[in-house]
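Engineer: Please see the structure below; I have some questions.
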Amino acid sequence: MAYTYNSGMQAESNIEVHKYYGGVVTVVALLAIVLQAFLHRYGRWSEFADLPLLVTIYFGVSKRSPVSGMLLGACIGIAQDALSHDNPIGLYGIAKTIVGFIASSVGARIDTEHPASRFALVFVLYHVHQGVLAFTERVLLNRPTPFFTIHLLIVSLVSASVAVVLFSLLDRLRRAS
Amino acid sequence: MPEILTRHRPLALLATLVVAQILLLAFQIKRNSNVRLIRYWASEIVTPGEKGASSTFSGIGDIWSGYIALRGAHAQNLRLQQELGQLELRNQELESQAAEAKRLSALLDFREAHQEAPMLAAQVIGGSADPSSHTLFINKGERSGIRRNDAVITPTGIVGKIVEVTPGTAQILLVNDRDSGVGALFSDTRTQGILKGDGDPEPVMAYVTNDEKVHPGEVILTSGEDRIFPKGLLIGTVAGSKPGYPFQTIYVNTAARLDRLEDVIVLLSQEDLHPGANQSAGNVVVGLPPQPATQPVGPASATGPAATASASSVSSVAKPDSRAAKPSAPSIGRP
């Protein structure tokens with residue numbers, strides 16, 4: 001059972017770090033990327049569930065290690081960039097690196113096992129991800145990417161809802177402590 | 001620094017990852033003019049430094065070349081000023097030589113055009129000490145064959161006559177001197193008069209009645225009645241006239257610049273000058289374009305008081321048949 005709420009180094013030392021079977025993180029991440037690419041063939045439905053982002057958040061929160069969280073986010077983001085046809089490598093990488101870092105840092109401090117907290121965490125991190133993405137695109141690519149729209153709000157709510165279900169499924173892959 | 005990195009290792013790693021991916025993006029993204037973003041950034045980062053370094057070194061170079069390295073500038077300036085003075089002097093010499101060559105060329109042309117008349121070129125070497133006296137000295141005298149009452153001219157017009165001769169020099173009485181008098185006539189009307197000085201720089205033509213219509217610009221020639229100047233030499237043009245009693249006063253612009261004489265021609269004979277090959281027959285005007293043929297001067301053509309005065313004045317001077325018989329009497333019109 002995860003630690004509910006604490007702060008400081010002493011609290012961090014008492015939190016429960018979930019472990020997974022070997023290769024689970026890699027397989028799930030790859031599966032998320034492939035599935036996202038597969039869903040992309042069916043139109044805009046794929047954008048309502050950014051599976052790589054959800055996987056990044058989930059493992060970042062679960063492992064509670066900022067280093068591993070940001071590395072996982074970087075790898076997933078770069079892979080996602082590599083599979084896209086018009087994004088330069090690093091665009092999603094930067095956003096997911098930061099999200100992975102925040103998720104793992106937050107996961108070490110608040111309860112991330114409760115569905116409501118997961119919903120809220122994914123909702124917030126989705127907009128953080130979108131904010132970093134929009135900032136990077138505006139500054140580096142001169143693309144007028146919006147920071148916030150109603151559409152993004154709806155997508156973030158849908159993604160957060162999908163995340164609650166997905167995270168419950170992923171919880172089953174944990175190795176019993 | 002290492003302690004800070006160790007303590008904040010996740011943040012440091014995050015910053016490293018983000019910066020690395022930004023650089024990765026910069027390698028891929030191309031901005032305006034198809035320049036990669038990484039090159040654009042590198043240029044933006046490096047260029048100010050380069051500009052600063054360039055301006056700094058340029059300033060140092062300017063200071064060096066503008067101040068420190070100018071130790072020899074004063075000496076160089078003095079040397080250049082000296083060279084400039086020498087060159088200006090040399091330039092003046094060359095200009096003077098060119099002007100002299102031009103004058104001598106004109107004299108030579110004149111001499112070649114009148115080879116039948118004995119003449120002698122001479123240089124003006126001085127003037128009169130008396131401001132009211134218009135006389136000049138030339139560098140040729142009795143040894144060169146110059147005698148009293150020889151006519152002195154330039155290729156552009158008459159100048160005066162010889163009044164004093166020494167073995168090596170001679171004195172010229174200019175036509176604008178009070179004591180001078182030259183038989184003259186208008187080229188158009190053939191009306192005669194006497195050219196004489198009145199103290200002004202330019203002479204006047206006297207003994208012309210008020211009835212004679214005189215126009216400014218009208219050409220005045222020598223009449224030859226004074227037995228000094230050959231007939232038909234150019235004296236000048238009419239500058240203006242003023243009625244008087246009984247004769248009008250006619251102001252004359254001499255063709256020869258009497259105030260700027262340097263080289264003159266002394267006519268060793270009173271024989272008429274015949275035109276050169278390039279001049280029309282019957283026109284002996286010196287320094288003029290072809291004129292209508294001169295009419296014979298005599299009682300028939302010289303009418304009125306002017307002609308009478310001229311004739312009477314000229315008649316007092318005997319025409320010299322030879323150089324030995326040349327009179328030494330005062331000039332025509334002399335009071």
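The values are calculated or read from the model by the stated rules, or taken from the named source; none is laboratory data. For clarity, every value in this text was computed on a predicted model and none was experimentally measured. Because the Cβ atoms are built from the backbone with ideal geometry, glycine has one as well, and the counts that use them run over all protein chains shown.
Engineer: On the basis of being modelled with pLDDT under 90, surrounded by fewer than 20 Cβ atoms within 10 Å (Cβ to Cβ) and more than 16 Å from B:G232 (Cα to Cα), does B:D188 make the cut?
Structural biologist: no
Engineer: From (1) part of a helix (DSSP H, G or I); (2) more than 14 Å from every other protein chain (Cβ to nearest Cβ); (3) of a type outside the set (K, R); (4) in contact (Cβ under 8 Å) with a residue 40 or more places away in the chain, pick out the condition that doesn't hold for A:A116.
Structural biologist: (4)
Engineer: Picking from B:Q28, B:Q97, B:Q21, which residue would you name as being out of contact with any helix residue (DSSP H, G or I) (no Cβ under 9 Å at 6 or more places or on another chain), polar (S, T, N, Q) and either over 30 Å from A:S68 (Cα atoms) or not assigned by TED's automatic domain parsing to the domain that holds B:L261 (or both)?
Structural biologist: Of B:Q28, B:Q97, B:Q21, the one residue that is out of contact with any helix residue (DSSP H, G or I) (no Cβ under 9 Å at 6 or more places or on another chain), polar (S, T, N, Q) and either over 30 Å from A:S68 (Cα atoms) or not assigned by TED's automatic domain parsing to the domain that holds B:L261 (or both) is B:Q97.
Engineer: Give segment B:89-126 a look and list any residue that's within 28 Å of B:E164 (Cβ to Cβ), among the small types (G, A, S) and buried (at least 16 other Cβ atoms within 10 Å of the Cβ), or say none.
Structural biologist: Of everything in segment B:89-126, those that are within 28 Å of B:E164 (Cβ to Cβ), among the small types (G, A, S) and buried (at least 16 other Cβ atoms within 10 Å of the Cβ) turn out to be B:A106, B:A117, B:A121, B:A122.
Engineer: Hey, does segment A:31-41 have a residue that's aliphatic (A, V, I, L, M), free of Cβ contacts under 8 Å to residues at least 12 places away in the same chain and within 16 Å of A:L169 (Cβ to Cβ)?
Structural biologist: The answer is yes, given that some residue of segment A:31-41 is aliphatic (A, V, I, L, M), free of Cβ contacts under 8 Å to residues at least 12 places away in the same chain and within 16 Å of A:L169 (Cβ to Cβ).
Engineer: In segment B:35-48, is there at least one residue being small (G, A, S), assigned to a helix (DSSP H, G or I), surrounded by 10 or more Cβ atoms within 10 Å (Cβ to Cβ) and modelled with pLDDT of 85 or more?
Structural biologist: No, there is no match, as no residue in segment B:35-48 is small (G, A, S), assigned to a helix (DSSP H, G or I), surrounded by 10 or more Cβ atoms within 10 Å (Cβ to Cβ) and modelled with pLDDT of 85 or more.
Engineer: For segment A:101-113: of the residues being touching a helix residue (DSSP H, G or I) at 6+ places or on another chain (Cβ under 7 Å) and either more than 9 Å from every other protein chain (Cβ to nearest Cβ) or outside any helix (DSSP H, G or I) (or both), which is nearest to A:V55 (Cα to Cα)?
Structural biologist: Residues of segment A:101-113 touching a helix residue (DSSP H, G or I) at 6+ places or on another chain (Cβ under 7 Å): A:101-108, A:110-112.
Still in the running and either more than 9 Å from every other protein chain (Cβ to nearest Cβ) or outside any helix (DSSP H, G or I) (or both): A:102-103, A:106-108, A:110-112.
On the way: A:I102: 14, A:A103: 11, A:V106: 15, A:G107: 14, A:A108: 17, A:I110: 18, A:D111: 18, A:T112: 14 Å.
If we take residues in segment A:101-113 being touching a helix residue (DSSP H, G or I) at 6+ places or on another chain (Cβ under 7 Å) and either more than 9 Å from every other protein chain (Cβ to nearest Cβ) or outside any helix (DSSP H, G or I) (or both), then A:A103 is nearest to A:V55 (Cα to Cα).
Engineer: So B:R103 passes all but one of these: (1) under 47 Å from the mean Cα position of the chain (by Cα); (2) among the charged types (D, E, K, R); (3) within 14 Å of chain A (Cβ to nearest Cβ). Which condition number does it fail?
Structural biologist: Every listed condition holds for B:R103 apart from (3).
Engineer: Can you spot a residue in segment A:153-175 that is in contact (Cβ under 8 Å) with a residue 60 or more places away in the chain, outside any loop (DSSP other than H, G, I, E, B) and of a type in the set (K, R)?
Structural biologist: yes
Engineer: I would also like to ask the following. Please give the number of the condition B:T156 fails out of (1) under 15 Å from B:L267 (Cα atoms); (2) buried (at least 18 other Cβ atoms within 10 Å of the Cβ); (3) not acidic (D, E).
Structural biologist: Here B:T156 clears every test but (2).
Engineer: Being out of contact with any Phe, Trp or Tyr (no Cβ under 6 Å at 6 or more places or on another chain), surrounded by 11 or more Cβ atoms within 10 Å (Cβ to Cβ) and either in the same structural domain as B:I158 (by TED's automatic domain parsing) or assigned to a helix (DSSP H, G or I) (or both) narrows it down to one residue among B:L136, B:L78; which is it?
Structural biologist: B:L136
Engineer: Of all residues in segment A:78-103, which are among the small types (G, A, S) and either under 10 Å from the mean Cα position of the chain (by Cα) or at pLDDT 90 or above (or both)?
Structural biologist: Those that are among the small types (G, A, S) and either under 10 Å from the mean Cα position of the chain (by Cα) or at pLDDT 90 or above (or both): A:G93, A:A95, A:G100, A:A103.
Yes/no per residue for (1) of a type outside the set (K, R); (2) under 29 Å from A:P88 (Cα atoms); (3) within 14 Å of chain A (Cβ to nearest Cβ); (4) touching a residue at least 24 places away in the same chain (Cβ under 8 Å):
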site	(1), (2), (3), (4)
B:E3	yes, no, no, no
B:V19	yes, yes, yes, no
B:K30	no, yes, yes, no
B:W41	yes, yes, yes, no
B:I60	yes, no, no, no
B:S65	yes, no, no, no
B:A75	yes, no, no, no
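Engineer: Still on this model: Of the conditions (1) of a type in the set (A, V, I, L, M); (2) surrounded by 14 or more Cβ atoms within 10 Å (Cβ to Cβ); (3) modelled with pLDDT under 90; (4) under 25 Å from B:Y40 (Cβ atoms), A:V139 clears all except one; give me its number.
Structural biologist: A:V139 satisfies every listed condition except (2).
Engineer: Just the residues that are assigned to a strand (DSSP E or B), more than 21 Å from the chain's Cα centre (by Cα) and surrounded by 24 or more Cβ atoms within 10 Å (Cβ to Cβ), please, taken from segment B:231-251.
Structural biologist: B:I250
Engineer: Which numbered condition trips up A:G90, out of (1) among the small types (G, A, S); (2) away from chain B (no Cβ under 13 Å); (3) within 20 Å of B:L23 (Cβ to Cβ)?
Structural biologist: Going through (1) among the small types (G, A, S); (2) away from chain B (no Cβ under 13 Å); (3) within 20 Å of B:L23 (Cβ to Cβ) one by one, A:G90 breaks only (2).
Engineer: Please give the number of the condition B:V208 fails out of (1) buried (at least 24 other Cβ atoms within 10 Å of the Cβ); (2) closer than 21 Å to B:L136 by Cα; (3) not charged (D, E, K, R).
Structural biologist: Here B:V208 meets the rest and fails (2).
Engineer: Oh, and also: Working carefully through the options A:S68, A:S105, find the one that is touching a Pro at 6+ places or on another chain (Cβ under 8 Å), over 28 Å from A:I150 (Cβ atoms), in contact (Cβ under 8 Å) with a residue 12 or more places away in the chain and surrounded by fewer than 23 Cβ atoms within 10 Å (Cβ to Cβ).
Structural biologist: Selected residue: A:S105, the only one of A:S68, A:S105 that is touching a Pro at 6+ places or on another chain (Cβ under 8 Å), over 28 Å from A:I150 (Cβ atoms), in contact (Cβ under 8 Å) with a residue 12 or more places away in the chain and surrounded by fewer than 23 Cβ atoms within 10 Å (Cβ to Cβ).
Engineer: May I ask you to verify whether B:T209 is under 27 Å from B:S128 (Cα atoms), β-branched (V, I, T) and touching a residue at least 60 places away in the same chain (Cβ under 8 Å)?
Structural biologist: No, not satisfied.
Engineer: Right, another one. Exactly one of these conditions fails for B:E218: (1) farther than 16 Å from B:Q192 by Cβ; (2) in contact with a Phe, Trp or Tyr (Cβ under 7 Å, 6 or more places away or on another chain). Give me its number.
Structural biologist: (1)
Engineer: Taking segment A:68-85 on its own, how many of its residues are within 11 Å of another protein chain (Cβ to nearest Cβ) and outside any helix (DSSP H, G or I)?
Structural biologist: Residues meeting the conditions: 0.
Engineer: Further question on the same structure: Within segment A:119-152, which residues are in a loop (DSSP other than H, G, I, E, B) and of a type in the set (D, E, K, R)?
Structural biologist: Result: A:R143, single match.
Engineer: Return yes or no: is B:L24 surrounded by 10 or more Cβ atoms within 10 Å (Cβ to Cβ), within 14 Å of another protein chain (Cβ to nearest Cβ) and out of contact with any strand residue (DSSP E or B) (no Cβ under 7 Å at 6 or more places or on another chain)?
Structural biologist: yes
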